[in-house]
Every structure is written in C-alpha cells, then in structure tokens.
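Remarks on the structure that follows.
Bear in mind that the values in this text are calculations on the coordinates, not laboratory data. Remember, predicted model here, so these are calculated numbers, not experimental data. When we count neighbours, we look across all protein chains shown, and the Cβ atoms used for this are built from the backbone with ideal geometry, even at glycine.
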Ligand SMILES: [Zn+2]
Ligand SMILES: [Zn+2]
C-alpha cells in the first residue's frame, strides 16, 4: 500500500438548498504531504473540504461515487496532470479551496479508493511536466513580478488580471473536457488570472476588482509580456462660460481637419481655445494623461454665455498616470488659470455610466434673450406674447444655420415658461424656459418660417437677437 488512507468520507449531508454535501475529514497523516508551503498538520479546522453538488432531483439512494465521480477523476489524473489542472477539472465541487488543494485531495482520494495496483500507479504522482499546462503554474510568481513592475508607474486602487494563453494548451484543455464529459471544470485562464491576482494583491496591497478595475493587466503567457488597459479617469463638474465666442469643445479647422494650415494660423483649430481645453489643461497636468474627451449635458451656441448654475459635464482623461487628485485644489487651479473665461464647481469623481446619463439627460433650460425689434412694439402687445407662448408646443424645422451638419427634420418642443422685460419700445429681454433641444433663437426670430409659431411671427415684426445666455439647467443636481 502506497499511502495509508488519509481521507475518510465520513458524512453525507443533505441540506435544505437541495445540495448534497460530502464532507471529507482528515485523519492524522502517516504518509504523504500536501504540496504547499504549509504542512498539512498545521491546517485547521480538522474538516478540510466540503464537496457539494447541486442536484435538481435528489435520488432516493445516493452512493458516494455518484457525488464525486472518481472514475472521471481517475481518467483525468491518469492523463498526467499537475495538482492545479486535476483540481480544476472539478472546480465546481467544493468551496474554500484552491484547485491545487482540490487536486491534491482528489489524488489522495483516488489512492485510497483504487484497488487495482497498476491503476493506482498511474495516478499516484504529480508528473514532472503536466500534460495539460506544461508547467505553466510554476510560472505564476514570475508573471506576478512582471505585472507588478508594469503597474509600478501608475496610481491605482483596484486592478484585474487577464491572460492570453498558448493555443495548444487551450486546445488540450478543450479536448480533455470533451473526453471527460464533465461540466464541473473551470477554464485555465480563470485560474491563472485568479492565482496571479492573489500574488499581486499580496505584494502591492491593492484589491482585485472584477466590475470596474482602475487597470487591467493582460498577461501573454507565451511571451512573458503584459499589456495594460488603463481605465480612463472621469471627473464630473459644472461649468460657467463667462465670455462669448468660444466653443464647448475643440473644433478642428474645416480646411485642414486639424493638421494646421494658413487659414487656421497653423493651429489646426477653428477657435483658439474651448471650455474643454481650458479645463483639461490643468487636469492633464495633474493626471499626466495621454488625451481627453469632454461630455457636456448639451451645449450652448458659441456666441452664448453659460451662466447661472452652470452646465454639468464630465471630463474623461485617457491613460491617467495619477488618479488620486485633490479635487478642491484642482477646482481652484482651473478657475485661477481660466483667465475669467470659465468657472467650474462641484468637481467630483464620476464614471463611464454617468457619461451616458449626462449625454441622454433631457432637462429644461432657461435662457435670457435680448431682442431688438425692427419697429417699435407696444408694451401691451408684448405682454400678450407671454399668454400666447406659455406651455405652447412649437414646431421647429432644423435651423438654417445648422442645416449643413444636421438632417433636415421637424421637431416639436414645448415652451414651458416665458417672461418679458421691456427695455424700451424697440428692445426687450425674454426669459424663456424650454424643453431640452429647443432652438431658442429660432423661437424668437422664426427662421424665415421654419419655426412655427415664432415670436416674430406673432408680433409681426422682425426680431434681431442681440445676446443669448443660458441661465439655468434644470437637472436633478442643479438646484433651483
Ligand atoms: Zn497543469
Ligand atoms: Zn487649418
């Protein structure tokens, strides 16, 4: 006898979740050792492992061999598998142990179970080189070192390990699944990722995160190389645009598409600067990112200011090296460097999901429009505009000024509220609250009949828009 039976199957328990548990208890070791750093006898408690099988129909009589298919285990072990690869074929049996431990228990269970001496000889030892992984699991410490070195320049709190594994290994693994016909395996990638993750976690004192890691490190086990996927950093804030004449985001020169030409003074841009560039410059200094994108909750016209409570935005910093930011200080520095063009507030960390929410947000907006009439208008007539347009739905064809870049279609928008302040008989200020996407300028001047009804049409006078400002964005965070 090679080993004295180390394990006895002592208890089959049926618990209320309709699962059968087979508890393997440990007897004192007389011969054999666990292939881990820790000696087996130091392990407590005495009960080592619970093998459980989820069964939909519990048969009346249950034999042990129905629970852990030792024939399958024998078949797998006799392929010449390392403990990792053997345990992994039955990974869904038993909790709270690694595949390596599971493989060890299984091999020992086989040793005590098999009567036939030659069958026993086939499974008794861990082979010097595993038929399946060719010793890949011996390389885990090396992989973890490569990952740690690669991660070193970056600030991060969470990470995830991914891997690319030799096609031949994956192929052998799939063949084995076919041969065993066993559904309780785990793919080799999952184990490599998890085991390297554990080693890295212990070394760098950061945590693995499956949902939303700061960095994903993908190991290519064939070339001992690691590629990093750095999650962008998302910062939420609200901006005010205090001057007219700058766009929200960088506009490439129409002539050279950003390359730089005579027309754009070799800047590649239509405008010297933008809200995005003003804010991003400071954030890029802090994060050492590679690039940025700007996501606004809508955008105002270039000639309009954005005042009041400011417009929500999310700045996305790509490949940030630093992501631990002092946000209050950052906010102050942006405002200091914006030269009175832009003011930001409410800066906080955000997410990719919030970008979608901000882009899709349909919120009311309030505008101030200063209008000059071609002819004097009586105050009483002007007052009627309020009654005529409040809570009124208007139809707007795509304005002529944006027709070159947007499809020509008609849309309906509601004017929620309107208020008028007379300056003199040829000037007035309208305060208009409208549904998301309303073309306010066109509501006032009518766009040659493309918006119906319009204030110009109603007053029967040509309306010139002197200034337009966005005064309030009525989003949930925006306050009153
Ligand atoms: Zn192996
Ligand atoms: Zn150009």
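Any idea what % of Cα-Cα pairs in the range 233-360 are farther than 19 Å?
Working: 3914 of 8128 pairs.
Tail of the P(r) past 19 Å holds 48 percent of the pairs.
Please compute the length gained on full extension between residue 407 and residue 362, using 0.36 nm multiplied by the number of residues separating them and subtracting their Cα-Cα distance. Could the numbers behind the result be given before it?
Values: separation 45, 0.36 × 45 = 16.20 nm, distance 2.00 nm.
Stretched out fully, the residue 407 to residue 362 stretch lengthens by 14.2 nm.
Could you work out how much longer the chain between residue 222 and residue 319 gets when fully extended? Use 0.36 nm per residue separation minus the Cα distance between them, nm to one decimal. Present the calculation step by step, with values, prior to reporting the outcome.
Values: separation 97, 0.36 × 97 = 34.92 nm, distance 2.57 nm.
Separation in residues times 0.36 nm, less the Cα-Cα distance, equals 32.3 nm.
Hey, rough spin-label estimate for residue 128 and residue 116, points 7 angstrom out along Cα→Cβ, what's it come to in nanometres?
Modelled inter-label distance: 2.7 nm.
For the chain, find the longest principal axis of its Cα atoms and tell me its angle to the long axis of helix 275-287, 0 to 90°, nearest 10.
Roughly 30 degrees between the two axes.
If I model a spin label as a point 7 Å beyond the Cα along the Cα-Cβ vector, how far apart are those points for residue 252 and residue 429 in nm?
4.0
Rounded to the nearest 0.05, what FRET efficiency is calculated for residue 452 and residue 175 with R0 set to 60 Å and r the Cβ-Cβ distance? Provide the component values of the computation, followed by the final result.
On the way: r = 71 Å, r/R0 = 1.18.
So the FRET efficiency works out to roughly 0.25.
Over all distinct alpha-carbon pairs, what is the Kirkwood Rh of the range 259-332 in angstrom? Before the final figure, lay out the partial values.
On the way: mean 1/r = 0.0703 Å⁻¹.
With all distinct Cα pairs of the range 259-332 included, I get 14.2 Å.
Nearest 500 deg cm²/dmol is fine: what mean residue ellipticity at 222 nm does the chain get from its DSSP H runs of n ≥ 4 alone, each adding -39,500 (n - 2.57), divided by its residue count?
Details: 14 runs with 138 residues, N = 480.
So the helix-based figure for the chain works out to -8500 deg cm²/dmol.
Jot down the per residue volume, in cubic angstrom and as a whole number, of the convex hull over the alpha-carbon atoms of the range 356-480. List each step's numbers first, then the result.
On the way: hull volume 13.5 nm³, N = 125.
Dividing the Cα hull volume of the range 356-480 by its residues yields 108 Å³.
Going by Cα centres, the range 412-464 and the range 117-133 are how many Å apart?
Cα centroid to Cα centroid, the span is 85 Å.
Relative to a virtual label point 7 Å from the Cα of residue 168 in the Cα→beta-carbon direction, which members of the range 186-226 show backbone nitrogen distances below 20 Å?
Counting backbone N atoms under 20 Å from the label point, the list is 188-189, 192, 220-225.
With just the Cα atoms of the chain, tell me how far they stretch along each of the three principal axes, in Å, largest first.
113, 55, 37
For residue 206 paired with residue 392, estimate the spin-label separation in nm (one decimal), with each label point 7 Å from Cα along the Cα-to-Cβ line.
Once both label points are built, they end up 5.9 nm from each other.
Which value in Å is the Kirkwood Rh of the range 136-230 over different Cα pairs?
On the way: mean 1/r = 0.0718 Å⁻¹.
It works out to 13.9 Å.
Report the Cα centroid-to-centroid distance between the range 318-368 and the range 256-292 in angstrom, as an integer.
Using only Cα atoms to place each centre, the spacing works out to 17 Å.
Of the beta bridges DSSP finds with both residues in the range 136-230, what % are antiparallel, to the nearest 5?
Once the DSSP bridges in the range 136-230 are tallied, antiparallel ones form about 45 percent.
By how many degrees, between 0 and 90 and to the nearest 10, does the Cα long axis of helix 167-180 differ from the longest principal axis of the chain?
Helix 167-180 sits at roughly 60 degrees to that axis.
Report for the chain the percent antiparallel among DSSP-assigned beta bridges with both residues inside it, nearest 5.
On the way: 76 of 86 bridges.
Here the share of antiparallel DSSP bridges comes out near 90 percent.
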